Amino acid sequence: MVQTRSRPYRPCSPVTTIPERPAATVSPFLDLPPLSAADFAAIEDQVAALLHTEADVIVTQGEALLPLEAAIRSAAHPGSTALNIVTGPYGQTFGNWLRDCGAEVVDLAVPFDSAVTAEQVATALREHPAIDFVSLVHAEAATGNTNPVAGIAAAVREHGALLMLDAVASVAAEPLLTDAWGIDLCVIGGQKAMGGPAGVSAVSVSERAWERIAANPAAPRRSYLSLLDWKERWTDAGRAVLPHAPAQLEMLALGACLDRISTDGLPAVIARHRAAASATRAGVRALGTLTPFVPRDEDAAPVATTLRTPPGLHAAELAARLDPALPVQPGGGALAAEMLRVNHYGAAATLPTVRACLTALAEATGADAGPALAAAEAAWQAGHSPE
């Protein structure tokens, strides 16, 4: 359970502190009291609880690509060999960074409408015994698939390599047991299932990972990408003085969404995302005009359901006919012609949102919404129960 902390900071009252200010300039985002080092450290502790880890957690002041790149550039170097698991576009990005670091990269790529298996990973590790670093995306929101991290992590640990996990889309939407599974670098962002901000992120770093980073002469130093700088100037220094001014609004928002997860209960939040995915997939199948892009339910991510349009029905053109307020968008790049993405994470992981999306898709494709809504309702009820 994520522990709730007290957050004494509140917006200053414009009535009492600046009485001459025009009413039009009053905003809850302005004139906030400073965020203290203790507040910052408390948020880090909440993230650690959410990740089920005793490892160091570093909250980074930027979108999740910042700690993802920082983790790779800290651990990879000339002479290292990395297994890069590609199940979507982020895996492709990681491969580019690894090569840029001078590492030899072994890509294990599977179709974007499926998931990699632990057996495939174990085979790749046996075939390439020099592999000492593995990069993996837990859930690919862009393609709607998710990977079985527990089994993969066991294979990686048995091999002796480090595992970096991109859990940006999976955290708070499916189980994530960082220490129990043996994840060495676990990166999260707040903007998806957590229902929080996009401008702040975090990475947990195991002792094994710190040892490897410290031994890497190519690891960034005196850089915004330097995890070692944060460790030395913040974590190892007792978290008493912040190295620089924090992104205050984003940190307050991150703390607020962690508080909300604690209040709701993490199992209930996970169950809500699971139910939203099940309801969307059941409703789409009942529509009959679209099909799940990821055919196997066990490979489907709980944060987004991707849909394949039939030949002759362009996905981007279909999305353009829908209410822009709906969380539906076409796939990126080459997938824009054949794939739609229904986002049901955070505040959108609700049955009303699923119903609204199914109704709109039925109208846009000339299908009867009735069976789809009934199927979605039944699936939601079946799936919306914490384990």
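The values are calculated or read from the model by the stated rules, or taken from the named source; none is laboratory data. Everything quoted here is computed from the prediction, not taken from an experiment. Counting neighbours? That spans all protein chains shown, and the Cβs are built from the backbone with ideal geometry, glycine included. Heads up: the accessible areas ignore ligands, DNA and RNA and are worked out on the full protein's heavy atoms, side chains in. Shrake-Rupley method; radii C 1.70, N 1.55, O 1.52, S 1.80 Å.
What to note about this one:
- Amide hydrogen proximity for Ala304: with H placed 1.01 Å from N in the peptide plane, the residues at 5 or more positions away or on another chain lying under 5 Å are His344.
- Anisotropy class of the chain from Cα gyration tensor, a/c 1.5 cut: oblate
- Highest-fluctuation residue, Ala76, Ala38, Ala315 considered, GNM on the chain with Cα pairs under 10 Å: Ala38
- Per-pair calculated FRET efficiency, R0 = 25 Å: Ala38 and Leu177 via Cβ, rounded to 0.05: 0.35
- Antiparallel bridge percentage (DSSP; both residues within the chain; nearest 5): 60
- In Å², nearest 10: area of Phe112 left accessible to a 1.4 Å probe: 60
- Rg(Cα) / (2.2 N^0.38 Å) computed for the range 59-139, rounded to two decimals: 1.08
- Shape call, the range 92-151: gyration tensor on alpha carbons, a/c limit 1.5: oblate
- Heavy atoms of Arg321: accessible area, 1.4 Å probe, square angstrom to 10: 140
- Residues of the range 231-387: accessible area per residue with a 1.4 Å probe, Å²: 44
- Separation in nanometres of the label points that stand 7 Å from Cα toward Cβ, at Asp264 and Glu127: 4.1
- For Ala122, neighbours were defined as the other residues whose beta-carbon sits under 15 Å from its Cβ, and their charges (Lys and Arg +1, Asp and Glu -1) total -1.
- In the context of the full protein assembly, Ser223 retains an accessible surface of approximately 50 Å², using a probe radius of 1.4 Å and ignoring ligands and nucleic acids.
- Over all distinct Cα-Cα pairs of the range 249-387, the Kirkwood formula returns a hydrodynamic radius of 15.4 Å.
- The residues of the range 65-171 expose on average 32 square angstrom of accessible surface per residue, using a 1.4 Å probe on protein heavy atoms.
- The apolar share of the surface of the chain, taken as the fraction of accessible area on carbon and sulfur atoms (1.4 Å probe, ligands and nucleic acids excluded), comes to 57 percent.
- Pairwise centroid distance, computed over Cα atoms, of the range 258-325 with the range 337-365, Å: 6
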